[in-house]
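Structure first, commentary second.
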2 protein chains.
Amino acid sequence: MEIQVNEGILNLNERVALENKRLFGENGLFVINIMGSPGAGKTTVLEKTIDILVNSVRLAVIEGDIYTSKDARRIEKHGVPVKQINTGGACHLDAKMVSGALGEIDLRHVDLLIIENVGNLVCPVEFNLGEDIKIAVLSITEGDDKPLKYPLLFRESAAVILNKMDLIDFTDIDMDSLRSDIKKINPGVEIFEVSARTGKGLDEWARWLIKKVREKNG
Amino acid sequence: MEIQVNEGILNLNERVALENKRLFGENGLFVINIMGSPGAGKTTVLEKTIDILVNSVRLAVIEGDIYTSKDARRIEKHGVPVKQINTGGACHLDAKMVSGALGEIDLRHVDLLIIENVGNLVCPVEFNLGEDIKIAVLSITEGDDKPLKYPLLFRESAAVILNKMDLIDFTDIDMDSLRSDIKKINPGVEIFEVSARTGKGLDEWARWLIKKVREKNG
């Protein structure tokens, strides 16, 4: 019975996600849904990415969080419109929450909408928001076993950002095994090795992202 | 409707959790439920804790994971009985899964049962397993904002293990603010600063845990 109920919720979510997708298409928006563990560095990656992109792409951000608006306040300082969604306990964003937030963003003047999901490697992946692509952020301090333990996120993502590379010398991580596990799950995925703290590697990721935005909008 | 359904599932879980609790009591078991983000270092903390405790306490371990049995295989090498639960996609253990695993452990010869939950800061906290205490593992590389962003785990935990302290010099973390946020949420909580990698700080945590086990069993 639990499964039936969940399927019902997921089907409802898919319908609203399709509505969101239609709205994104009409307004020429490219939309990414960023996921990763708590503390993987999603918000820091986002802050640095915004600083690189802000002069070439019109940005807006939706911040998903359970209770606080800490992340939204961090993003705001970078001069882009940001809308906070508090899930009130839920471990993921869903399409309806995003749909509600869209009413408060002037979509006509945005090229790239970035949605930062709740920190969690499981639940957010199961809920489409209508986005064009999913992005996984994994910090190398989390260990090299994560892709096989949480395969769905890595299978569904168009790119994986391996963050905190500045700490590589202080971990026991096997980067070859990490990269090969990710490619085994998702052969076509792009992998970017970055340090959001030092900024290293983020230019390459930002160039890839701009290309994706331009491809959609011609 | 989603809320009603969730309440139904939670009530059912509470009933099974009470059954588990009764069984633990009858067999003189002290049970801890360890939670934290993916990559916080739960399994490594556990491995090192087992090595310290193995000569003074009779141990058994239940490993919760979504798909793999990687962690159970790691624990096995330390010479304690371990039972793997695969949740098959679910982001947390529930009392029924634990109840099923208990049938395969000889509870009469165990003093301390350690349950490692699925890596997740949200869902596992909402499902009692019948444990005596919850333990939170947070790695300092996750950032000092996590207690306020995921307060429920920190409110419900009897102890917080701050792991990866060997990396403290390479992070921007404010330890005073981290400790004070945790104490604000849960004034009575014990906080242990450890490095599971180097072993530093784990003796103190293990001593505290042994004391808890002895207190229950007289």
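The values are calculated or read from the model by the stated rules, or taken from the named source; none is laboratory data. Here the structure is a predicted model, which means the values were calculated and not measured. Here Cβ is always computed from backbone atoms with ideal geometry, including for glycine, and neighbour counts include all displayed protein chains.
Condition check ((1) more than 13 Å from residue A:34 (Cβ to Cβ); (2) among the small types (Gly, Ala, Ser); (3) out of contact with any His (no Cβ under 7 Å at 6 or more places or on another chain); (4) modelled with pLDDT under 95) across all residues:
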position: A:93; (1), (2), (3), (4): no, no, yes, no
position: A:96; (1), (2), (3), (4): yes, no, yes, no
position: A:109; (1), (2), (3), (4): yes, no, yes, yes
position: A:128; (1), (2), (3), (4): yes, no, yes, no
position: A:134; (1), (2), (3), (4): no, no, yes, no
position: A:137; (1), (2), (3), (4): no, no, yes, no
position: A:166; (1), (2), (3), (4): yes, no, yes, no
position: A:172; (1), (2), (3), (4): yes, no, yes, yes
position: A:200; (1), (2), (3), (4): yes, no, yes, no
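Among (1) within 30 Å of residue B:12 (Cβ to Cβ); (2) within 17 Å of the chain's Cα centre (by Cα), which single condition is residue B:104 missing?
The single condition residue B:104 does not satisfy is (2).
Provide a single number: the residues in the stretch B:49-72 that are touching a helix residue (DSSP H, G or I) at 6+ places or on another chain (Cβ under 8 Å), within 14 Å of chain A (Cβ to nearest Cβ) and buried (at least 20 other Cβ atoms within 10 Å of the Cβ).
Residues flagged as touching a helix residue (DSSP H, G or I) at 6+ places or on another chain (Cβ under 8 Å), within 14 Å of chain A (Cβ to nearest Cβ) and buried (at least 20 other Cβ atoms within 10 Å of the Cβ) within the stretch B:49-72 amount to 5.
Residue B:199 - would you say it is touching a residue at least 60 places away in the same chain (Cβ under 8 Å) and among the small types (Gly, Ala, Ser)?
Values: touching a residue at least 60 places away in the same chain (Cβ under 8 Å): yes; among the small types (Gly, Ala, Ser): yes.
So residue B:199 passes the test.
Quick one: in the stretch A:131-148, of everything that is assigned to a loop (DSSP other than H, G, I, E, B) and under 16 Å from residue A:212 (Cα atoms), which residue is farthest from the other protein chains (Cβ to nearest Cβ)?
Within the stretch A:131-148, the match that is farthest from the other protein chains (Cβ to nearest Cβ) is A:132.
Search the stretch B:170-194 for residues being facing chain A (nearest Cβ under 9 Å) and free of Cβ contacts under 8 Å to residues at least 24 places away in the same chain, and hand back the single one that is nearest to residue B:48 (Cα to Cα). Explain how you work it out, then say what you get.
Step one: list which residues in the stretch B:170-194 are facing chain A (nearest Cβ under 9 Å), which gives B:170-172.
Then drop every residue that is not free of Cβ contacts under 8 Å to residues at least 24 places away in the same chain, which leaves B:170, B:172.
Values: B:170: 23, B:172: 27 Å.
Per the criteria, the residue is B:170.
Among the candidates A:86, A:163, A:117, which residue alone is out of contact with any helix residue (DSSP H, G or I) (no Cβ under 8 Å at 6 or more places or on another chain) and within 14 Å of chain B (Cβ to nearest Cβ)? Full working, then the answer.
Values: A:163 fails: out of contact with any helix residue (DSSP H, G or I) (no Cβ under 8 Å at 6 or more places or on another chain); A:117 fails: out of contact with any helix residue (DSSP H, G or I) (no Cβ under 8 Å at 6 or more places or on another chain).
When all the criteria are applied, what remains is A:86.
From the residues in the stretch B:120-130 that are within 22 Å of residue B:205 (Cβ to Cβ) and more than 7 Å from every other protein chain (Cβ to nearest Cβ), which one is surrounded by the most Cβ atoms within 10 Å (Cβ to Cβ)?
Of everything passing the filter in the stretch B:120-130, B:129 is surrounded by the most Cβ atoms within 10 Å (Cβ to Cβ).
Can you find a residue that is within 22 Å of residue A:119 (Cβ to Cβ), within 14 Å of another protein chain (Cβ to nearest Cβ) and buried (at least 18 other Cβ atoms within 10 Å of the Cβ) anywhere in the stretch B:96-110? Let's see the steps before the verdict.
If we filter the stretch B:96-110 for residues that are within 22 Å of residue A:119 (Cβ to Cβ), which is where we start, we get none.
No; the residues of the stretch B:96-110 include none that is within 22 Å of residue A:119 (Cβ to Cβ), within 14 Å of another protein chain (Cβ to nearest Cβ) and buried (at least 18 other Cβ atoms within 10 Å of the Cβ).
What tally of residues in the stretch A:149-161 results from selecting those that are out of contact with any Gly (no Cβ under 9 Å at 6 or more places or on another chain), in a strand (DSSP E or B) and surrounded by fewer than 21 Cβ atoms within 10 Å (Cβ to Cβ)? Write out each step before concluding.
Initially, the stretch A:149-161 is screened for residues out of contact with any Gly (no Cβ under 9 Å at 6 or more places or on another chain), giving A:151, A:154-157, A:159-160.
Those still in the list that are in a strand (DSSP E or B) too: A:157, A:159-160.
Checking the rest, the ones that are also surrounded by fewer than 21 Cβ atoms within 10 Å (Cβ to Cβ) come to A:159.
Residues meeting the conditions: 1.
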